[in-house]
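What follows is a single structure, written as structure tokens, with notes after it.
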Amino acid sequence: MEQVIVNGLYLGTQYALIALGLTLIFALMNVLNFAHGQMYVLGGFVTYTVYGQLGFPFAVALVCSGVTLAVLGALIEKFLFRPVIRRSVREESTMLLAAALAFFFDAAILLMFGEKQRGVPKIVNGIFLSDTIVMPYDRILIGVLAVVMIATFMLYMQYSRPGRAMRALAQDRVAAQLMGVNVDRYSMIGFALGAMLAGAVGGLLVTITGVNSGIGGPISIKAFLMVMIGGAGVVGGAIAGGFILGMMESVGLMVLSDFGDVTYLVIFVLLMIFLSIRPNGLMGKPWG
Amino acid sequence: MKRTFKAASVAAFLALLLVGVPSFISATGRSDLYYTLTSVALLSIVSAGVWITFYIGRINIGQGAFALLGGYASAILVTKYGVSFWLTLPFAGILCAFVSVLIGLPILRLRGVYFAMVTLTLTEVGRLLALALPITNGARGIVSIPLPGAITLFGVTLVPDFATLANPRLAFYLTAVVLMAVCFACLYRLVHSRVGRICQSLQQNEELASSIGVDIANMRILAYALSSFLGGIGGAMFAAISQSIYPSTFTIADSVNFMLNCFLGGLGHVLGPMLGTFVLYFGWDLLFQTGSFQLLIFSSILIALMLVLPNGLLSIRLRGQSQG
């Protein structure tokens, strides 16, 4: 059982990071980023190329993943989302754009990196063994890195000037603008930050699970699940949702293993019941 | 004057579909077009369902689940119990409507992105259920479903047995077009009725609508049930035409595509989903020659279209009207 809990915690840290990026983009721009999973995959492939193929240190590769996605995110916000939001009658139009972007990334990643499952050499060797827990050291390292990233992100949002501006933007866009917050600029920074988080998790996880071009969609769905559990647009909710999903997956795989591959079916059904009782998730604002 | 013009254009459109297209195909020998056009007709029925939920202001990405349910319901009844396909078609629709009422009661309280995300996971639930339940035969799916049989009323054959026909493709095409025409006619009638206007008021402001005395909970359920009904019918027909159904027949990508069809055609007009499905499906088919670049080019065009026409294809006409 301890093993299951440790696995759940480890999964939870990764999931929380993915959900953080998605919820940030949603909070700032009211955009549901369908391409989030694809951004994660792209981050994974950048790390695979820089660390696995070119032989640079892992830290460099991770930074490369983050920077690539941040730049990409900023460009996407400036040249795609901003004009569409400005000109469309209904704000849901951004969902079409996001879905088209997801298709685009899927196709581009497939063309650039092929359909094979890719992995990289382990960053640390060895396994931590105790009476009840078996945990490879590289998983522990990745888990710790993820926790550090989450903590940095929260501190940044809480105390830095851009962080405060973004929180103001998430609370009330018009009021923030009236207070002199440069809305366009901080939307772009927020989108870049969200994309960067997705890329960084991709870079982290490629060392454990590897990456292939087809997993973008499923990752997006998992991210949606976490955001729904925690409540859309809330940082704390995303983290809670990530840990809850990680834990459920880990426990479900153990408890339900006799019934075949039904863990996610059970999770979905539980989520439906949960949402009918609490439509805004654990901490969400009413109606997002 | 305007009324007769409208009736004439509808009649011309139907004549083109029912007579013009078959004669064009037999003249050019491109009988593969039948399958494409039949798919467009059926998928536009399913997309019309999504359009209804848009009409009450909800983003529905769960239509794939209902199309799958309808397809499986019809397939199981036909193969295991020997029920006539024509009976299973309305049954599939009604079953989907019933299930959607059960699901809709809790989830229709959600709005905006929450509803979109829940319906998205609903599609995934549908796929996983189809994989897990024993009656659906798992990942192998249900194959070699017999073709629809004959309908006879008092000894008069209304619809011949599809298996005895020389060209079942043509028969399927005609059935699908008629079904599509009926669905869109009903949809048009609904949208221009009192109920349609109430639906539009839900789209604009639910609180206001409810304060004037609209029973918003019932209206939402009604619209969602209708939407799923269309999804079920489309799915059942699709299973009959491809004579097979798998858990992967309707996936999240399909659900997203149904939504894209509505967006692309334009959410402001009844014919939006039909036009959107036609353009998307044919665009995808035309790009087949580009091989591995197909998806890349397709999605680039979609992105470009969004930048140029963020309100859908039919908004060109509307903009012209408001200016002139």
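Coordinate-derived values only; no laboratory data. What you see is a predicted model, and the numbers here were worked out from it, not measured in a lab. Glycine also receives a Cβ, built like all others from the backbone with ideal geometry; neighbour counts cover every protein chain displayed.
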Original post:
For region A:2-213, max minus min Cα coordinate along each principal axis, in Å, sorted largest first?
Top reply: 58, 39, 30
Original post:
Hey, fewest Cβ within 10 Å first, where do B:199, A:64 land in order?
Top reply: A:64, B:199
**OP:** Would you mind counting up the charge near residue A:214? Only other residues with Cβ under 9 Å from its Cβ, with Lys and Arg at +1 and Asp and Glu at -1.
**Re:** -2
Original post:
Add -39500 (n - 2.57) for each DSSP H run of 4 or more in chain B, then divide by its residues: what number comes out at 222 nm, to the nearest 500 deg cm²/dmol?
Top reply: -24000 deg cm²/dmol
Original post:
Across 10 Å bins from 0, what is the distribution of all Cα-Cα pair distances for chain B, in whole percents?
Top reply: 6, 24, 34, 26, 9, 1, 0
**OP:** Go ahead and collect, in residue order, the members of region A:199-228 whose backbone nitrogen is under 20 Å from a label point 7 Å along the Cα-Cβ direction of residue A:53.
**Re:** A:199-216
Original post:
So what J values fall out for region A:57-72 if you push phi through Karplus, 6.51 cos²θ - 1.76 cosθ + 1.60 with θ = phi - 60°, rounded to Hz, Gly and Pro as x?
Top reply: x, 4, 4, 4, 4, 4, 4, 4, 4, x, 5, 3, 5, 5, 4, 4
Subject >> Exposure proxy order (Cβ contacts within 10 Å, fewest to most) of A:41, B:214, A:235 >> reply: B:214, A:235, A:41
Original post:
At what distance in nm do the modelled label points of residue B:105 and residue B:150 sit from each other, each positioned 7 Å from its Cα along Cα→Cβ?
Top reply: 4.5 nm
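Starting from the Cα gyration tensor of region A:206-288, multiply each eigenvalue by 5, take the square root, and state the resulting semi-axes largest first in whole Å.
Values: eigenvalues 105, 61, 24 Å².
For region A:206-288, the ellipsoid semi-axes come out as 23, 18, 11 Å.
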**OP:** Starting from the Cα of residue A:5, step 7 Å toward the Cβ, then list every residue of region A:228-262 with an amide N under 20 Å from that point.
**Re:** A:240-256
Subject >> Per-q log10 I(q)/I(0), the protein assembly as shown, q = 0.05, 0.06, 0.10 Å⁻¹ (Debye; single scatterer per alpha-carbon; no solvent) >> reply: -0.23, -0.34, -0.93
**OP:** Would you mind calculating the relative contact order of region A:2-213 from Cα pairs under 8 angstrom and at least 6 residues apart, reporting the percent as a whole number?
**Re:** 44 percent
**OP:** Evaluate peptide B:266-272: per residue, the Cβ atoms of other protein chains within 10 Å of its Cβ; return the mean as an integer.
**Re:** 1
Original post:
Spin-label point model (7 Å from Cα, Cβ direction): what's the residue B:83 to residue A:75 distance in nm?
Top reply: 5.4 nm
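For A:264-274, what's the mean count of beta carbons from other chains sitting within 10 Å of each residue's beta carbon?
4
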Original post:
Taking a spot 7 Å from the Cα of residue B:30 along the direction of its beta carbon, which residues of region B:261-295 have an amide N less than 17 Å from it?
Top reply: B:278-290
**OP:** Please turn the phi angles of region B:77-86 into ³J(HN,Hα) values with the Karplus equation 6.51 cos²θ - 1.76 cosθ + 1.60 (θ = phi - 60°), one per residue in order, whole Hz, x for glycine and proline.
**Re:** 5, 6, 7, 8, 10, x, 6, 5, 4, 5
**OP:** For residue B:151, enumerate residues with amide H under 5 Å from its amide H, sequence gap 5+ or separate chain, H modeled in the peptide plane.
**Re:** B:158, B:159
Subject >> Sequence-distant residues sharing a close amide H with residue A:118 (under 5 Å, placed H) >> reply: A:211, A:212
**OP:** Mind sorting A:161, B:127, A:87 by how few other Cβ atoms lie within 10 Å of their own Cβ, fewest first?
**Re:** A:161, A:87, B:127
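Would you please put B:12-20, A:45-53, B:230-238 in order of how densely packed they are, using the mean number of other Cβ atoms within 10 angstrom per residue and starting with the highest?
Packing proxy ranking, top to bottom: B:230-238, A:45-53, B:12-20.
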Subject >> Average other protein chain Cβ within 10 Å of Cβ, residues A:213-225 >> reply: 2
**OP:** Starting from the Cα-Cα distance between residue B:159 and residue B:284, subtract it from 0.36 nm times their residue separation and give me the gain in nm to one decimal.
**Re:** 41.7 nm
